[in-house]
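Asker: I'd like to ask you about the structure that follows.
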Amino acid sequence: MKRKSVETKFSMCVQPSFIIGTYNEDGSYNFAPITWVSATCEGGNEYMLVISMFGSKRTKQNVIRDGKFSANLVNTSMLPLMDYFGTKHAKDGNKDELEYGVGCGEVLDVPTLDESPWVYECEVARSVETGESTTFFCPIRNIQMDENVNCEDTFDVDLTLFDPVVYSGKYHSLGKMLGKIGDFRAKA
Ligand SMILES: Cc1cc2nc3c(=O)[nH]c(=O)nc-3n(C[C@H](O)[C@H](O)[C@H](O)COP(=O)(O)O)c2cc1C
């Protein structure tokens, strides 16, 4: 592979798409897409979502104040919703120009999106400030998964069943499921 060096501004490459659900100070709900999302593990089955927010957006203020949120995986049919939530700032008014169903977490009191096939309910354990961004380390207290999908274990998630949106500055859909850990070592 011949490569060329480019400016570091091209760092948006390969991000998962989640819509974050929080409560505002007055108890109303708010949703906004965040794609700076990853995961880590404290040990055992104690998984954490690692999520980063820039500036002083309402979602970030709500997460700092409330210490909890939902992360709703975005599938391709939710693209209009994600685009809308991401281009309207809560400070400019309620995000009520589109219709969408809102539920509640099963373990945490967090607003969730009915349309999402995979929802994390998270609490904030720690945060790290880097300039204008804050990165939150958030133990996952519950996962709501599409009831038509069965996963045997942590490594048995066929993403194609969820049809997730992948973001890189542009929206993409996923290609094929290629196999599991070890499948390709045998073929190397
Ligand atoms: C596809 C997409 C991905 C985004 N990812 C992030 C992100 O990772 N971190 C962030 O701080 N803002 C991100 N944003 C920006 C916020 O979603 C946007 O500022 C939103 O309007 C904030 O809404 P709020 O005012 O309700 O918090 C993203 C926007 C879009 C459209």
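FYI, it's all coordinate maths here, none of it is from the lab. Predicted, not measured: the structure shown is a model, and the values here were computed from it. Here the Cβ positions follow ideal geometry from the backbone for every residue, glycine too, while neighbour counts run over all protein chains shown.
Asker: Per residue of region 144-158, in order, report the coupling 6.51 cos²θ - 1.76 cosθ + 1.60 (Karplus, θ = phi - 60°) as ³J(HN,Hα) in whole Hz, putting x for Gly and Pro.
Answerer: 9, 10, 2, 5, 7, 10, 10, 10, 6, 7, 3, 9, 10, 10, 8
Asker: Same structure, new question: Please turn the phi angles of region 164-170 into ³J(HN,Hα) values with the Karplus equation 6.51 cos²θ - 1.76 cosθ + 1.60 (θ = phi - 60°), one per residue in order, whole Hz, x for glycine and proline.
Answerer: x, 8, 10, 10, 9, x, 10
Asker: Which residue, 78, 15, 165, has the largest displacement toward the positive end of the dipole of region 15-173 when charges sit on each Cβ (Lys, Arg +1; Asp, Glu -1)?
Answerer: So the residue furthest toward the plus end is 15.
Asker: State which entries of 91/170; 68/170; 9/68; 4/95; 91/176; 4/176 exceed 32 angstrom in Cα-Cα distance in the structure shown. Mind showing how you got there, number by number?
Answerer: Working: 91/170 25 Å; 68/170 28 Å; 9/68 30 Å; 4/95 42 Å; 91/176 40 Å; 4/176 28 Å.
In this structure, 4/95; 91/176 lie more than 32 Å apart at Cα.
Asker: Another question, if that's okay. Taking Cα centroids, how far is region 53-89 from region 95-113 in Å?
Answerer: 12 Å
Asker: Among rounded, prolate and oblate, which fits region 15-173 when a ≥ b ≥ c are the square roots of the eigenvalues of its C-alpha gyration tensor, a/c under 1.5 means rounded, and a/b larger than b/c means prolate?
Answerer: Verdict is rounded for region 15-173.
Asker: How large is the charge dipole for region 1-149, taken about the Cα centre, if only the Cβ atoms of Lys, Arg (+1) and Asp, Glu (-1) carry charge, to the nearest 20 debye?
Answerer: 940 debye
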